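Reading through the structure tokens given below for one structure.
The values are calculated or read from the model by the stated rules, or taken from the named source; none is laboratory data. Note that the coordinates shown come from a computational prediction; the quantities given were computed from them, not determined experimentally. Using ideal geometry, Cβ is built from the backbone for each residue, glycine included, and neighbour counts are taken over all protein chains shown.
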Amino acid sequence: MPETHLKQSRQTCKLGLIIVIRQLFPQESLKTAYSILEGVFCRFAGSAISIREVAQIEKKLNEWISGNPEIDFLKHQGGYYYYQVDSDVVKMIYPCETNVKQIDPFRVIPYADGFIVDFGDIGRELNTPLIPPDKLSAMYDKTQQWLKNINIELLHDVNDFVAGCASLKLLGMAEALHEKEISDIAVMILQQKRALRVLLISGPSSSGKTTFAQRLSTQLSVNGLKPVTLSMDDYFVNRQETPLTADGKSDFDCLEALDLPYLQQQLAELIDGKAIETPIYDFKTGFRSAQTRRLQVGPDEILVVEGIHALNPVLFMGINRNMLFKVYLSSLFQLNFDLQNRVPSSEVRLIRRIVRGDQFRGTHPEDTLDQWENVRRGEYQNVFKFQEEADVMFNSSLLYELNALRPFADASLHKIADDSPYAPTRDRLLNILSFCAPMDTEKVPFNSILREFIGGSIYFE
């Protein structure tokens, strides 16, 4: 499942977009902001784009492609690929095709104060309307406003803090923002506590769900609402019953990997206040343990369910929606290499996952990379489609995290040999990290989401 930033033909489309923006709006600076499934949201750095201007951009980009321009690859230097088209020289973090005939079909759609270059998604044809990600966009804009307030936009801005011995100030601001956001979410829940029975927390892989759930539970506890945790992992079917992917691997991320009827039954009973015996899954044997765990949710308590399927409505069919509070975590990395070259959030999450797996789960980096395509497929099929149903979103990204992760990630990635089929991925991730000055992690708070990946968290043994 090649991703947009890794499909060279789509990078060619981006190259063309940069060129036509220069031609149409020479006074403007294009900023590629964030991905929306298989599309990318773009805007001008200093002004809004009208619907009419978006139509101009789409028309001009199609004309540019129809003209079959000659694209010359110049060099790979300083982490960038340099391309020339006529008198235009464009630098790209990810390589592109030099033949425009390879470009995938796309649409340019007006959205918010910019536009989405939409290539269609898994399970959605290009001519099927894109559901506007309004809540995701609002979360992005909120974080961007905060970054503007502290005058940070690019990776080198963070490097300046590190080089200027001001990393503690940066770390403090980033962690304070997380604490404020978690506290605000707790207040929202407490305001509705008379009606609420279940707190649902979901998000893609390595978004920090476990640490977030613990920190939010702490905030609720000090305000008199006691969290009662139910682990969805305990409802896995026996391992030999786990569905397989197309390539014959166990698909632990699909909904069918859970004993869904049993989970639905027990969720309904817990919401009704009944005392039940919940299962305990033994991951070593791949079977449900003979032991159980007694669980009940009292009047001053709230059931907390965390997992990739937590926002799937099928779990709570027949349950009053007002009893549920849904939180979606997205590690939406906000910093760019430069205005035109963004750092894909999925790359940051992959780096998180590699470091955590290598350090604490005995997973070799090659094994993590081998699993990643199936993980991403599962996110598209089971996570992203429900994100807009959340009552609130939380951005678990930390603006200093690549600097903090770099020493750990460098060590992990260098375990991949040059003759490995994953050497190109290793080099791609090392290239991203090369833009980030290493940062000492000794002062990272022990309850930080980052600690879930680098170690030292108070929430993990």
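If you scan the stretch 85-115, which residues turn out to be surrounded by 14 or more Cβ atoms within 10 Å (Cβ to Cβ) and hydroxyl-bearing (Ser, Thr, Tyr)?
Scanning the stretch 85-115 gives Tyr94, Thr98, Tyr111.
Kindly list, by first and then second residue, each pair from a residue in the stretch 141-160 that is more than 13 Å from Asn336 (Cα to Cα) to a residue that is surrounded by fewer than 16 Cβ atoms within 10 Å (Cβ to Cβ) and not acidic (Asp, Glu), limited to pairs with Cβ atoms under 9 Å and residues at least 6 apart or on different chains.
Within 9 Å, the pairs are Asp160/Ala166.
What residue, among those in the stretch 348-389 that are closer than 24 Å to Gly120 by Cβ and modelled with pLDDT of 95 or more, is surrounded by the most Cβ atoms within 10 Å (Cβ to Cβ)?
Going through the qualifying residues, I end up with Arg349.
Residues in the stretch 80-109 that are in contact (Cβ under 8 Å) with a residue 24 or more places away in the chain, among the aliphatic types (A, V, I, L, M) and within 16 Å of Asp338 (Cα to Cα): how many?
3
Among the residues of the stretch 226-276 satisfying the criterion of being of a type in the set (Gly, Ala, Ser) and touching a residue at least 12 places away in the same chain (Cβ under 8 Å), which is surrounded by the most Cβ atoms within 10 Å (Cβ to Cβ)?
Once the filter is applied, the top-ranked residue is Ala257.
Of all residues in the stretch 274-306, which are within 19 Å of Ile189 (Cα to Cα) and either among the hydroxyl-bearing types (Ser, Thr, Tyr) or in a loop (DSSP other than H, G, I, E, B) (or both)?
Passing the criteria: Val297, Gly298, Pro299, Asp300.
Would you mind stating whether Ala195 is in a helix (DSSP H, G or I), at pLDDT below 95 and of a type in the set (Gly, Ala, Ser)?
Spelling it out, it is not the case that Ala195 is in a helix (DSSP H, G or I), at pLDDT below 95 and of a type in the set (Gly, Ala, Ser).
Please indicate, with yes or no, whether at least one residue in the stretch 54-75 is in contact with a Lys or Arg (Cβ under 6 Å, 6 or more places away or on another chain) and at negative phi.
Looking for residues that are in contact with a Lys or Arg (Cβ under 6 Å, 6 or more places away or on another chain) and at negative phi, one finds none in the stretch 54-75, hence no.
Do we find that Asp358 is of a type in the set (Asp, Glu), in contact with a helix residue (DSSP H, G or I) (Cβ under 6 Å, 6 or more places away or on another chain) and in contact (Cβ under 8 Å) with a residue 12 or more places away in the chain in this structure?
Yes: the conditions hold for Asp358.
Taking Gln23 as the residue in question, decide whether it is assigned to a helix (DSSP H, G or I), in contact with a Lys or Arg (Cβ under 8 Å, 6 or more places away or on another chain) and outside the structural domain of Leu335 (by TED's automatic domain parsing).
So Gln23 passes the test.
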